[in-house]
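The values are calculated or read from the model by the stated rules, or taken from the named source; none is laboratory data. On a predicted model such as this, the values are computed, not experimentally measured, just so you know. A quick note on method: Cβ atoms are made from the backbone with ideal geometry, for glycine too, and the neighbour counts reach across all protein chains shown.
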Amino acid sequence: MVTQVVEIAEDGCYLSKYRGFMTVKREGTEVGRVPLDDITTLILSAHQIILTKTLLMALAERKTPIMTCGKNYHPLAFSLPYDTHFDQTGILWAQIECSQPLAKRMWKSVIREKILNQKTTLEYFDVSTSTLNEFNIMIKRVKSGDPENMEAQAARLYWKSLFGADFRRDRQSGAENSLLNYGYSILRAATARAVCGAGLTPALGIHHRNRKNPFALVDDLMEPYRPLVDLMVRKIRDEGAFTQELLTPEIKKELTKILDSDVQLEKGVSTVMNSLHRMAQTFVISLHEKDNKMEFPKLKAMGKLI
């Protein structure tokens with residue numbers, strides 16, 4: 001599967017469909033075209049952009065999310081197709097009827113995998129053995145529903161170990177945070193595509209319950225993948241790539257490679273994008289069989305990323 005994250009960052013662009021392509025024009029002159037089938041996510045970060053309805057329909061037919069970014073690349077809105085799966089109504093009822101014990105068991109597996117992948121990220125940067133041992137203990141302490149909030153306890157140690165004692169996860173400030181926001185936005189859009197492609201309703205989460213969040217399930221299921229972004233941002237920082245213009249085209253291009261990175265699945269190595277679809281499919285299986293059958297990636301095989 002070819003994956004291309006397309007960002008429109010310059011004002012005055014006119015986007016339209018021409019045969020099997022999305023074309024981009026500025027002042028009447030074509031400046032680029034991308035095959036519609038290759039677009040994983042369309043990111044709108046410029047202030048003034050025009051899109052044709054024909055293009056919107058073509059992207060919806062391909063289940064391609066359109067993400068609008070606000071300040072500091074925090075996603076403000078998504079456009080997703082409404083009718084995406086032959087059994088969407090049946091899957092919706094399965095989500096509604098999901099029991100609390102099943103939801104808690106699935107959330108336990110989400111958090112265990114997230115903390116495990118955080119540990120793997122720290123291992124890559126040669127963090128002390130004592131710190132890694134603390135992560136091993138926290139992984140074992142994750143219970144159904146994570147009542148002890150091991151996710152937050154791991155996060156406090158994780159961010160300090162990865163970016164230094166003074167680092168704070170603040171969406172509105174800091175070089176690292178700006179890159180993390182952009183990377184998470186790409187990951188969130190790709191997860192949304194996988195969720196909708198599997199026939200799931202993204203507003204019905206298993207843990208996130210904010211009534212104002214139409215993508216609660218997306219935010220639940222993307223958690224184990226976040227360390228991929230963290231690792232890439234730390235590598236960019238260590239390589240001295242931060243500049244006054246933090247999100248340069250080169251850095252954005254590096255961050256979009258996350259979706260093509262290799263991860264380890266139960267039946268072999270695959271890309272992040274493919275593993276997202278597999279995770280969403282196993283979530284649906286879990287709902288139908290009323291048992292946790294979810295499959296998550298292991299970061300051990302991140303060949304392309306590392």
Check the stretch 213-226 and report whether any residue there is within 23 Å of Thr256 (Cβ to Cβ), buried (at least 20 other Cβ atoms within 10 Å of the Cβ) and aromatic (Phe, Trp, Tyr).
yes
Name the residues in the stretch 265-288 that are within 18 Å of the chain's Cα centre (by Cα) and either of a type in the set (A, V, I, L, M) or modelled with pLDDT under 85 (or both), would you?
Leu265, Val272, Met273, Leu276, Met279, Ala280
Matching residues, the stretch 119-143, being in a helix (DSSP H, G or I) and in contact (Cβ under 8 Å) with a residue 40 or more places away in the chain
Thr120, Thr121, Leu122, Tyr124
Scan the stretch 224-235 and tell me whether some residue there is in contact with a strand residue (DSSP E or B) (Cβ under 7 Å, 6 or more places away or on another chain) and not hydroxyl-bearing (Ser, Thr, Tyr).
no
Members of the stretch 133-158 found to be of a type in the set (A, V, I, L, M) and surrounded by 15 or more Cβ atoms within 10 Å (Cβ to Cβ), listed by number
Met138, Ile139, Val142, Met150, Ala154, Ala155, Leu157
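Here's the yes/no breakdown for (1) outside any strand (DSSP E or B); (2) at pLDDT 90 or above; (3) in contact with a helix residue (DSSP H, G or I) (Cβ under 6 Å, 6 or more places away or on another chain); (4) over 24 Å from Leu276 (Cβ atoms):
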site	(1), (2), (3), (4)
Lys25	no, yes, no, yes
Glu30	no, yes, no, yes
Leu42	no, yes, no, no
Ala46	yes, no, no, yes
Leu56	yes, yes, no, no
Answer yes if at least one residue in the stretch 104-114 is under 19 Å from the mean Cα position of the chain (by Cα) and either aromatic (Phe, Trp, Tyr) or assigned to a loop (DSSP other than H, G, I, E, B) (or both), and no otherwise.
yes
Determine if the stretch 201-212 includes at least one residue that is out of contact with any strand residue (DSSP E or B) (no Cβ under 7 Å at 6 or more places or on another chain) and under 19 Å from Ile8 (Cβ atoms).
no
Residues being over 21 Å from Lys253 (Cα atoms) and either free of Cβ contacts under 8 Å to residues at least 24 places away in the same chain or surrounded by 14 or more Cβ atoms within 10 Å (Cβ to Cβ) (or both): count how many of those fall in the stretch 26-48.
5
So Lys252, is it in contact with a strand residue (DSSP E or B) (Cβ under 7 Å, 6 or more places away or on another chain), surrounded by fewer than 21 Cβ atoms within 10 Å (Cβ to Cβ), not in a loop (DSSP other than H, G, I, E, B) and not polar (S, T, N, Q):
yes
Suppose we filter Thr191, Thr201 for residues that are closer than 30 Å to Asp87 by Cα, in contact with an Asp or Glu (Cβ under 9 Å, 6 or more places away or on another chain) and of a type in the set (Ser, Thr, Tyr); which single one remains?
Thr191
